[in-house]
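A.B. asks: Have a look at this one before I ask anything.
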Amino acid sequence: MPTWCSAALLLAACLLAACKERESPSQSMERKLRTHAACRQPAGEDFVYATAAGFRFAVPAWTDVSAFETTYNARCEVESMILDFAWIGGRLLPIPHEPKDRSRAGIAWPERYDTLRLALSFRPPAMDTAPYRPYTCAAKTPVHHYPELGLRMCPQWAQAKPDAPVLAFWPRFEIVDDSAYVTSFSCGDHDFVGHPVAQLPDVEVAYSCRGYWRWRPGAHAMFDFGPGKVLRKSASVMRAARATLDGWIVTAPAPAQDRSHGG
């Protein structure tokens, strides 16, 4: 048999094997539901998740944690998940899976409220790397400070022209705290350009702003927050996010059990 025929048959066999092993959409959904149910551990009114970062945390069972937005490794440790919160009256509240559970917050939920979405990822802490300084405001000019809001602002990508009373570049915002890992975010490139620099905190953002946050060693998140006067709330919101998630950490040792989930 010619060499090209053998190669073609081998390729066809490989493609056929791949087709046989490929999941259908319904099989994929069933596998994710099965894995989610097996890997998270019920504990009272919470579900406890072991993470790939080496710690566990308990999330209220009534919150909306989707099986289809949560991934696990072969050891049943969470590698990624999404948590949604509402910012209402200066409080950060987990968004319930069912509207009837809103009463757990002890407040009347308004029709509209700001939201925070945390797309969390978990990895061994040894894989953390130091922030790349040239990307931060420490290496850019000009830098504008808003100390009353715990923020500073600089150009998103490159150095900009000397200070001007009206913003003429796409801004990057950083939350000023004592962490070595900078919490930063940016909004739409049209949201702030053309506004007086001193008045940026009062600009209404139409949708949301996206940023990067390090919660703790091995645990990082992309976040979306908005709409509204995002600059006036962002530092408070992210402090509340850290306090909330820190309060969910489980310090007791994990129970000895078989955590295999076959999926």
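The values are calculated or read from the model by the stated rules, or taken from the named source; none is laboratory data. Because the structure is a prediction, the values reported are computed rather than measured. Neighbour counts run over all protein chains shown; Cβ positions are idealised from the backbone, glycine included. To get the accessible areas, we keep the full protein, side chains included, count just its heavy atoms, and leave off ligands, DNA and RNA. Shrake-Rupley method; radii C 1.70, N 1.55, O 1.52, S 1.80 Å.
A.B. asks: What pairs can you find where one residue is in the range 47-76 and closer than 19 Å to MET127 by Cα, the other is among the charged types (D, E, K, R) and in a strand (DSSP E or B), and their Cβ atoms are less than 7 Å apart, with a gap of 6+ or different chains?
C.D. replies: Once the first residue is closer than 19 Å to MET127 by Cα and sits in the range 47-76, its partners that are among the charged types (D, E, K, R) and in a strand (DSSP E or B) give ALA50/ARG56; ALA52/GLU79; THR71/GLU79; TYR72/GLU79; ASN73/GLU79.
A.B. asks: Moving to a separate point now. Can you give me the ranges of the strands (runs of 3 or more DSSP E) entirely in the range 134-242 with at least 3 residues that are under 28 Å from PHE57 (Cβ atoms) and not aliphatic (A, V, I, L, M)?
C.D. replies: 183-186, 209-216, 219-226
A.B. asks: On to the next question. Just to verify a result, which residue in the range 50-61, among those that are assigned to a loop (DSSP other than H, G, I, E, B) and either in contact with a Lys or Arg (Cβ under 9 Å, 6 or more places away or on another chain) or open to solvent by less than 50 Å² (accessible area, probe 1.4 Å) (or both), is modelled with the lowest pLDDT?
C.D. replies: The extreme case among them is ALA61.
A.B. asks: Being touching a residue at least 40 places away in the same chain (Cβ under 8 Å) and open to solvent by less than 50 Å² (accessible area, probe 1.4 Å) is the filter here; which residues of the range 95-120 pass it?
C.D. replies: ASP114, LEU116, LEU118, ALA119, LEU120
A.B. asks: Applying the selection to the range 222-263, what residues are closer than 20 Å to ARG40 by Cα, surrounded by 15 or more Cβ atoms within 10 Å (Cβ to Cβ) and modelled with pLDDT of 95 or more?
C.D. replies: THR244, LEU245, TRP248
A.B. asks: Another question about this same structure. All but one of (1) farther than 20 Å from MET238 by Cα; (2) surrounded by 20 or more Cβ atoms within 10 Å (Cβ to Cβ); (3) within 19 Å of the chain's Cα centre (by Cα) hold for CYS39; which doesn't?
C.D. replies: Checking CYS39 against (1) farther than 20 Å from MET238 by Cα; (2) surrounded by 20 or more Cβ atoms within 10 Å (Cβ to Cβ); (3) within 19 Å of the chain's Cα centre (by Cα), the one that fails is (3).
A.B. asks: Could you check how many residues of the range 144-169 are at pLDDT 85 or above and more than 20 Å from TRP213 (Cβ to Cβ)?
C.D. replies: 5
A.B. asks: Among the residues of the range 19-49, which ones are within 25 Å of GLY247 (Cβ to Cβ) and not in a helix (DSSP H, G or I)?
C.D. replies: Answer for the range 19-49, where residues must be within 25 Å of GLY247 (Cβ to Cβ) and not in a helix (DSSP H, G or I): ARG40, GLN41, PRO42, ALA43, GLY44, GLU45, ASP46, PHE47, VAL48, TYR49.
A.B. asks: Only one residue in ASP101, ASP64, ASP128 is more than 17 Å from the chain's Cα centre (by Cα) and at pLDDT below 90, so which one is that?
C.D. replies: ASP101
A.B. asks: Quick one: which strands (runs of 3 or more DSSP E) lie wholly within the range 74-129 and hold at least 1 residues that are over 21 Å from GLY226 (Cβ atoms)?
C.D. replies: Qualifying strands (runs of 3 or more DSSP E): 78-88, 114-122.
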